[in-house]
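The values are calculated or read from the model by the stated rules, or taken from the named source; none is laboratory data. This is a predicted model, so every value here is computed, not measured. Here the Cβ positions follow ideal geometry from the backbone for every residue, glycine too, while neighbour counts run over all protein chains shown.
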């Protein structure tokens, strides 16, 4: 059985052109002061949306984005679809309840006769999917696993709505999130530019905690409900996520035996630009290079970790080390991973 698991490649897929805060303000009837509030207090400048902001028409499905990202990751790893032994997808927003989006993606990529798994989760679902893939590989009966993560949150929006009367917990969803998908190829053996997973864990810590985020699903019986489709308890997230991130980082260092100065790259949670900066400062790793994408891509849910890995992998050559943290706030999950480059010259 293999003793190590390696990430051979990572890739992403972002729908359409970036949508800035001015475009959002204009679409939803908000004024320039609201746009400035988003810039200062949220700190996310733009995001990509899988729908046309003017009409509300969906322009990209999750399956389309995940297939694009998965194809790019396989090509970068030099892996053919026939060489994939399992496919794992994490998402909070599958295209349909059935068929599972992971199986649609596998079909689009020409992958068949393999194990497939779809995990329903928020942001940390990406790390949960990596964890499932890692255990499949460590079991010794698979060589290569394609791991996917993504979300299309904008299809829950009503683009014709005037948001000036919206409650804060609903309004914040329109500025925090973006749409995207990402992918990584995991293997029992190293490859050019790969990194070894030194440790990885996910842990539910939601006992007795109220959900920090809610995404509704409506059936015909309740399609006319007045419950908002998505809500976010941003105050609770601001209160808990920084503390939980610090706890995850300390556990990663204990598991690996690394010191603070051994971490070359830090992949922090990507809730918003402002929150990411505050969390990074609080962690106190001044020597570590931050790998973030939320300022330009928004919070892409289950795609975020893969967008970060896409940036980080080329920087890990030469044995450099990375620590990544993801916090899921819907029912509170802590997740973390530590990577070490497999060799070669650093980028």
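Kindly evaluate residue 271 against the criterion of being within 16 Å of residue 177 (Cβ to Cβ) and in contact with a helix residue (DSSP H, G or I) (Cβ under 8 Å, 6 or more places away or on another chain).
So residue 271 fits the description; yes.
Filtering region 76-100 down to residues that are in contact (Cβ under 8 Å) with a residue 40 or more places away in the chain and part of a helix (DSSP H, G or I), which residue is surrounded by the fewest Cβ atoms within 10 Å (Cβ to Cβ)?
Ranking the qualifying residues of region 76-100, first place goes to 83.
Report the residue count in region 101-110 for those that are part of a loop (DSSP other than H, G, I, E, B) and in contact with a strand residue (DSSP E or B) (Cβ under 6 Å, 6 or more places away or on another chain).
Matching residues across region 101-110 total 0.
Look through 63, 76 and report the one residue that is under 29 Å from residue 195 (Cβ atoms) and in contact with a strand residue (DSSP E or B) (Cβ under 6 Å, 6 or more places away or on another chain).
None of the others qualify; the one that does is 76.
Among (1) closer than 21 Å to residue 123 by Cα; (2) part of a helix (DSSP H, G or I); (3) in contact with a strand residue (DSSP E or B) (Cβ under 6 Å, 6 or more places away or on another chain), where does residue 278 come up short?
The number of the failed condition is (3).
Tell me which residues, restricted to region 10-54, are modelled with pLDDT of 90 or more and either at positive phi or not assigned by TED's automatic domain parsing to the domain that holds residue 156 (or both).
16
Within the bounds of region 219-230, is there any residue that is crowded, with 17+ Cβ neighbours inside 10 Å and either under 21 Å from residue 308 (Cβ atoms) or in the same structural domain as residue 136 (by TED's automatic domain parsing) (or both)?
So far as region 219-230 goes, no, none of its residues is crowded, with 17+ Cβ neighbours inside 10 Å and either under 21 Å from residue 308 (Cβ atoms) or in the same structural domain as residue 136 (by TED's automatic domain parsing) (or both).
For region 36-66, what are the residues that are crowded, with 22+ Cβ neighbours inside 10 Å and assigned to a helix (DSSP H, G or I)?
Result: 38, 62, 63, 65, 66.
Which of the residues that make up region 281-318 are without any contact (Cβ under 8 Å) to a residue 24 or more places away in the chain, in a helix (DSSP H, G or I) and touching a strand residue (DSSP E or B) at 6+ places or on another chain (Cβ under 9 Å)?
Listed by number, the list holds a single entry, 311.
Would you check which residues across region 8-35 are under 23 Å from residue 313 (Cα atoms) and assigned to a strand (DSSP E or B) and list them?
8, 9, 10, 11, 12, 13
Exactly one of these conditions fails for residue 261: (1) out of contact with any helix residue (DSSP H, G or I) (no Cβ under 7 Å at 6 or more places or on another chain); (2) part of a helix (DSSP H, G or I); (3) surrounded by 14 or more Cβ atoms within 10 Å (Cβ to Cβ). Give me its number.
Result: residue 261 fails condition (3) only.
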